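The structure under discussion appears below in the form of structure tokens.
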Amino acid sequence: MQIQNNINLINYNTFKVKSIAKHFVQIQNESEIVSLLNDPIYLQNKKYFLGSGANTIFVNNFDGLVIKINILWKEILSENDDEILIKVWAGENWHNFVLRCADNNFAWLENLAYIPSSIWASAVQNVWAYGVEAKNIIQTVDGINLDTKEFQTLKNKDCNFGYRDSIFKNELKDKFIITHVVFRLKKFKTNYKFNCEYTGINEKISQLWLDLSKMKISDFVEVITQIRKEKLPDWELIWTAGSFFKNPIIPKKQRETLYVRFPELKWFDSNWAIKLSAWQLIDLCGFKWKNNWKVGTYKNHALILVNEWTATGQDIKDFAEEIQIAVQNKFNISLEPEAIFVE
Ligand SMILES: Cc1cc2nc3c(=O)[nH]c(=O)nc-3n(C[C@H](O)[C@H](O)[C@H](O)COP(=O)(O)OP(=O)(O)OC[C@H]3O[C@@H](n4cnc5c(N)ncnc54)[C@H](O)[C@@H]3O)c2cc1C
């Protein structure tokens, strides 16, 4: 384990924001975490744990220690005719894991293809896409509790998974380093039912002249990947952190007043609340494909901010605040960023 000084993080975040970390360390195995916890640089500095940086915006230089957990490995814990339990180490790349599972005919995570993420962040963020959430397939999350410095296993129900949320963003924020996640997956059989709840999936399948009843997991992964590449900016080519704000949830009684003034608003109903589409609110405030040269909204999706040209973290933060103020003033709704500003 080597702690480096003054490292530029531009290649460690998908927004490609330049930020100099005072200290930076990459961790390759669990014993290195234990040594790090006793290192004076760790003890004397503020810290930030970094995955693939797809949800992180460094606002300025980081006057502390950035820790990147790169522990790689996968292991089958148990299997029967129907299901399989796989333990995956934190630093593995999420999309590669989805691809390997597809190659091996392991189902249930195909709708989550092509999300830029590390394995641990899939649990931190409870990654969600096309009707499937990571919480549906996570069995346990293992890691080190920084208060007790002991290894601990959290069962799925103890992780308090919610909409793009978990205990790791709340009570255990900065207190628990995830080292592995155990996933429970389904073995693919010919009668397997793909989740096509999202309407665009069936459209894409017929556009590609595929027959759902004959599709393999890898075909489905390809369908999802193509949909994402068309709708969302390709994170391998465009600098972004994906959806920038959470879809706001408002109480049912607020809906009545809102819909008198804005009948065009789309919403999703649940028993106690209404979820609105953040992109539509942003769109209606005039931010459709708007930019200030350095940072702007993506041409196909107003919820996605993109770094147009050498934007700093501060430029992105300012632009995001401009959007929040406009939405607040027009709809009296506060947008909560999904991306994490690190200062
Ligand atoms: C183009 C694009 C599309 C996207 N689409 C989706 C989507 O469809 N669905 C979705 O859910 N998300 C989506 N996202 C958001 C992003 O991919 C997810 O939030 C992802 O899980 C972030 O992973 P990461 O490894 O890059 O996290 P990072 O940004 O590196 O870190 C995220 C958080 O995890 C914490 N953390 C890091 N390591 C550890 C550890 N070992 N233990 C505990 N906590 C730790 C960090 O401190 C930070 O708070 C998208 C992003 C982009 C750029």
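The values are calculated or read from the model by the stated rules, or taken from the named source; none is laboratory data. This is a predicted model, so every value here is computed, not measured. Cβ atoms come from the backbone with ideal geometry, glycine included; neighbour counts cover every protein chain shown.
Inside segment 29-121, counting only strands (runs of 3 or more DSSP E) that do not spill past its ends, which hold 1 or more residues that are crowded, with 19+ Cβ neighbours inside 10 Å and within 16 Å of the ligand (Cβ to nearest atom)?
On the way: elements: 47-50, 56-58, 62-69, 74-79, 83-89.
Output list reads 47-50, 56-58, 62-69, 83-89.
So which residues in segment 251-263 are among the charged types (D, E, K, R) and either in contact with an Asp or Glu (Cβ under 8 Å, 6 or more places away or on another chain) or within 12 Å of Phe331 (Cβ to Cβ) (or both), if there are any at all? Break it down into steps so the answer makes sense when it comes.
Just the residues of segment 251-263 that are among the charged types (D, E, K, R), to begin with: 252-253, 255-256, 261.
Answer for segment 251-263, where residues must be among the charged types (D, E, K, R) and either in contact with an Asp or Glu (Cβ under 8 Å, 6 or more places away or on another chain) or within 12 Å of Phe331 (Cβ to Cβ) (or both): Arg255, Arg261.
Report, by residue number, each residue of segment 120-172 that is of a type in the set (A, V, I, L, M, F, W, C) and out of contact with any strand residue (DSSP E or B) (no Cβ under 9 Å at 6 or more places or on another chain). Working first, answer last.
Applying the first criterion (of a type in the set (A, V, I, L, M, F, W, C)) to segment 120-172 yields 120-121, 123-124, 127-129, 132, 134, 137-138, 141, 144, 146, 151, 154, 159, 161, 167-168, 172.
Listed by number, the residues that qualify are Trp128, Ala129, Val132.
With the structure loaded, tell me whether Gln226 is in contact with a Leu (Cβ under 9 Å, 6 or more places away or on another chain), more than 14 Å from Ile333 (Cβ to Cβ), surrounded by fewer than 20 Cβ atoms within 10 Å (Cβ to Cβ) and without any contact (Cβ under 8 Å) to a residue 40 or more places away in the chain or whether it fails that test. First the steps, then the outcome.
Details: in contact with a Leu (Cβ under 9 Å, 6 or more places away or on another chain): yes; more than 14 Å from Ile333 (Cβ to Cβ): yes; surrounded by fewer than 20 Cβ atoms within 10 Å (Cβ to Cβ): yes; without any contact (Cβ under 8 Å) to a residue 40 or more places away in the chain: yes.
The answer is yes for Gln226.
Please indicate, with yes or no, whether at least one residue in segment 131-145 is touching a residue at least 60 places away in the same chain (Cβ under 8 Å), near the ligand (Cβ under 10 Å from one of its atoms) and buried (at least 22 other Cβ atoms within 10 Å of the Cβ).
No, segment 131-145 contains no residue that is touching a residue at least 60 places away in the same chain (Cβ under 8 Å), near the ligand (Cβ under 10 Å from one of its atoms) and buried (at least 22 other Cβ atoms within 10 Å of the Cβ).
Can you tell me which residue in segment 15-28 is nearest to Ile57 (Cα to Cα), limited to those that are more than 13 Å from the ligand (Cβ to nearest atom) and basic (Lys, Arg)?
Ranking the candidates gives Lys18 first.
Looking for something at pLDDT below 95, assigned by TED's automatic domain parsing to the domain that holds Glu79, more than 10 Å from the ligand (Cβ to nearest atom) and out of contact with any Gly (no Cβ under 9 Å at 6 or more places or on another chain) - is there at least one such residue anywhere in segment 150-162?
Checked segment 150-162: at least one residue is at pLDDT below 95, assigned by TED's automatic domain parsing to the domain that holds Glu79, more than 10 Å from the ligand (Cβ to nearest atom) and out of contact with any Gly (no Cβ under 9 Å at 6 or more places or on another chain).
Could you say which residue among Phe319, Phe331 is more than 25 Å from the chain's Cα centre (by Cα), more than 15 Å from the ligand (Cβ to nearest atom) and aromatic (Phe, Trp, Tyr)?
Details: Phe319 fails: more than 25 Å from the chain's Cα centre (by Cα).
That would be Phe331, the only listed residue that is more than 25 Å from the chain's Cα centre (by Cα), more than 15 Å from the ligand (Cβ to nearest atom) and aromatic (Phe, Trp, Tyr).
Please tell me if Phe220 is in the same structural domain as Leu99 (by TED's automatic domain parsing), surrounded by 20 or more Cβ atoms within 10 Å (Cβ to Cβ), of a type outside the set (Ser, Thr, Tyr) and within 14 Å of the ligand (Cβ to nearest atom).
Details: in the same structural domain as Leu99 (by TED's automatic domain parsing): yes; surrounded by 20 or more Cβ atoms within 10 Å (Cβ to Cβ): yes; of a type outside the set (Ser, Thr, Tyr): yes; within 14 Å of the ligand (Cβ to nearest atom): no.
Against the criterion (in the same structural domain as Leu99 (by TED's automatic domain parsing), surrounded by 20 or more Cβ atoms within 10 Å (Cβ to Cβ), of a type outside the set (Ser, Thr, Tyr) and within 14 Å of the ligand (Cβ to nearest atom)), Phe220 does not qualify.
Checking Thr240 against (1) more than 14 Å from the ligand (Cβ to nearest atom); (2) in contact (Cβ under 8 Å) with a residue 60 or more places away in the chain, which single condition isn't satisfied?
Single failed check for Thr240: (1).
Quick one: is Lys214 of a type in the set (Lys, Arg) and either in the same structural domain as Gln328 (by TED's automatic domain parsing) or touching a Pro at 6+ places or on another chain (Cβ under 8 Å) (or both)? Break it down stepwise before answering.
On the way: of a type in the set (Lys, Arg): yes; either in the same structural domain as Gln328 (by TED's automatic domain parsing) or touching a Pro at 6+ places or on another chain (Cβ under 8 Å) (or both): no.
Here the answer is no, as Lys214 does not meet what is asked.
Would you confirm whether any residue within segment 229-244 is surrounded by fewer than 17 Cβ atoms within 10 Å (Cβ to Cβ), over 23 Å from Gln125 (Cα atoms) and in contact with a helix residue (DSSP H, G or I) (Cβ under 8 Å, 6 or more places away or on another chain)?
Within segment 229-244 (the criterion being surrounded by fewer than 17 Cβ atoms within 10 Å (Cβ to Cβ), over 23 Å from Gln125 (Cα atoms) and in contact with a helix residue (DSSP H, G or I) (Cβ under 8 Å, 6 or more places away or on another chain)), the answer is no, since none of the residues qualifies.
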